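Coordinate-derived values only; no laboratory data. Given the structure is predicted, the values throughout are model-derived calculations rather than measurements. Here Cβ is always computed from backbone atoms with ideal geometry, including for glycine, and neighbour counts include all displayed protein chains.
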Amino acid sequence: MALPPILTSEEAVALITRTLEQSRGDFDVFLDMMELLTQAKLFRTRPEKPILSYNNQFDGMVADSTAIHKYRFTISQIELLSHKLRLPAWIPTPWSDKVEVVEALAITCRRLAEPCRLYSVANEVGRSVEACSRIIRATVEAIVKRWRSTITTNTRLLVLRSEMYAQAVQKKCGLSGVRSCIAFIDGTKQYISRPRPRKGGGEHENLQRSVYNGHPRRHCLNWQGITTPDGVIVSMFGPVEGRRHDSTMLSMSRVLDVMQADPVLCKFCLYGDPAYGCRQCLCCPFPCAAPGSPEAAFNSAMSSVREAVEWSFHLVKDLWAYLGYHKKMQVRKSPIGLFWLVATLLTNCHTCLKPHGNQISMYFDMAPPSLEQYLGEL
């Protein structure tokens, strides 16, 4: 036997209103009618919410080792980030929540760090699940509003360190003729749950088809990343529907137009896989290179260093494991695109705060920029 449905908020209000009308203002009759409806099992009541410990609160004095495990940063680093990111001292929400910026940023990092239930985060800080959800959303919106241009295309950093990038790539690949490659470009997929149709959608609208990718046979969003030898993701463009090709994302991002228009960057190029095709400011492997030929040697040498961009995607997904839990990546239910952009920014900040950077910077033997350089304060 099928279970009766759980009423939505709108359906519950409509039912109560209708029952009040039928009872004609007699409250005892109204209660009897509601009891009868409940006993007849025409609908189910919502399950009780888990009990939160409101005696808990955010601990700003937690040990560094514990903070790194929970937030990926120490508390002092979170305080530094809140200042360098130029966030307001208090993070307000449209529902009258008002949280100190250090706590708001820590809650956001805690949420992104692992695919735990939001209840676990709420119980740690002594706030309701709904309040934590509002705080996280307000924080990521504030960060993206202020730093979107830095996340999508950090042209200033590319111009500032372009010569060093070119030298690092040339030194690592061992090809004396490669003097202009400064970064590597590729696409990655953010797997999501199957989107449901919209109530007001068109007759032929098919959301799940637009985000379905036939290669992994999964629903996903596409992102385009550009990674430099110092381990910084200087560009993260998206999200784009999962059915789109990498070359389509490249055209949509217009990153090559930005490089061609810049008097410094027009002298350099990016390196990507054959799917992009060679053009101005973009280099790719030689097609159909004969074994043992100079073209094959070039492809082999550049292929080994091009993997750095794949490592950068792994860093984002490894540091912020919540993004890899596709069941929680629900389009139109949570700001999953903003989560990815903020995770990219926080990954770069994490790299800048470490003395040796990350796996990529150590591979190219190139120190990452300081946090001030990355955020444009120098």
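Quick check: pseudo-label points 7 Å beyond the Cα along Cα→Cβ at THR8 and ARG196, how many nm apart are they?
0.8
About the Cα centre of the chain, what is the dipole size in debye to 20, counting +1 per Lys and Arg Cβ and -1 per Asp and Glu Cβ, all else neutral? Please list the in-between numbers first.
Values: 45 positive and 35 negative charges, 129 e Å.
Dipole size: approximately 620 debye.
Can you find, among GLY200, GLY225, THR351, the residue farthest towards the positive end of the dipole of the chain? Put +1 on the C-beta of Lys and Arg, -1 on that of Asp and Glu.
So the residue we want is GLY200.
Taking the Cβ of CYS109 as the center, what net charge do the other residues with Cβ under 10 Å away carry, scoring Lys and Arg +1 and Asp and Glu -1?
Working: positive: LYS70, ARG72, ARG110, ARG111; negative: none.
Value of the local net charge: +4.
In whole Hz and in residue order, list the ³J(HN,Hα) couplings for the stretch 100-115 that follow from phi through the Karplus curve 6.51 cos²θ - 1.76 cosθ + 1.60, θ = phi - 60°; x for Gly and Pro.
Karplus-based 3J(HN,Hα) across the stretch 100-115 equals 4, 4, 5, 5, 4, 5, 5, 4, 5, 5, 5, 5, 7, 5, 8, x Hz.
Would you mind counting up the charge near TRP340? Only other residues with Cβ under 12 Å from its Cβ, with Lys and Arg at +1 and Asp and Glu at -1.
+2
If I model a spin label at GLU79 and GLN359 as a point 7 Å from the Cα along the Cα→Cβ vector, what separation in nanometres do I get?
3.3
Filter the trypsin sites (Lys or Arg not before Pro) in the stretch 219-328 to those in DSSP coil with at most 14 other Cβ atoms within 10 Å of their Cβ, and list the result. Each step should come with its number before you reach the end.
Numbers: sites: ARG243, ARG244, ARG254, LYS267, ARG279, ARG306, LYS317, LYS327, LYS328; in loops: ARG243, ARG244, ARG254.
Those that pass, being in a loop and sparsely packed, are ARG254.
Near LYS267, which lysines are there with a Cα under 30 Å away, not counting those fewer than 8 places off in the same chain?
Qualifying lysines at Cα under 30 Å: LYS171, LYS172.
For LYS327, which aspartates and glutamates qualify as cross-link partners when the Cα separation must be under 15 Å and same-chain residues fewer than eight apart are set aside?
Partners within reach: GLU114.
May I ask you to order 211-221, 174-184, 15-25 by the average number of other C-beta atoms within 10 Å around their residues, highest value first? Intermediate results must be reported in sequence, preceding the final value.
Values: 211-221: 16.1, 174-184: 17.6, 15-25: 12.2.
Averaged packing, sorted descending, gives the order 174-184, 211-221, 15-25.
Report relative contact order for the chain in percent, whole number only (criteria: Cα-Cα under 8 Å, sequence separation at least 6). Working shown, then result.
Numbers: 543 pairs, mean separation 62.0, N = 378.
After rounding, I find 16 percent.
Taking the simple approach of a point 7 Å from Cα along Cα-to-Cβ for both ALA290 and VAL264, what is their distance in nm?
4.2
Based on the mean of other beta carbon atoms within 10 Å per residue, what is the order of 121-129, 190-198, 291-299, 341-349, most packed first?
Values: 121-129: 19.6, 190-198: 16.0, 291-299: 12.9, 341-349: 23.9.
Order by mean packing, descending: 341-349, 121-129, 190-198, 291-299.
For the stretch 99-135 and the stretch 272-314, what is the separation of their Cα centres, given in Å?
42
Under 14 Å from the Cβ of TRP311, count the other residues' Cβ atoms, weight Lys and Arg +1, Asp and Glu -1, and hand me the total. Display every interim value, and only then the final one.
Values: positive: LYS172, ARG306, LYS317; negative: ASP186, ASP230, GLU307, GLU310, ASP318.
Once all neighbours under 14 Å are counted, the net charge is -2.
Might you report the magnitude of the Cβ-based charge dipole of the stretch 41-104 about its Cα centre, with Lys and Arg at +1 and Asp and Glu at -1, to the nearest 20 debye? If you can, show how the numbers build up before the last one.
Numbers: 9 positive and 7 negative charges, 102 e Å.
Computed charge dipole of the stretch 41-104: roughly 500 debye.
How high is the relative contact order of the stretch 160-226, in percent, counting Cα pairs under 8 Å that sit 6 or more residues apart?
On the way: 69 pairs, mean separation 22.3, N = 67.
Taking the mean separation of contacting Cα pairs over the length of the stretch 160-226, I get 33 percent.
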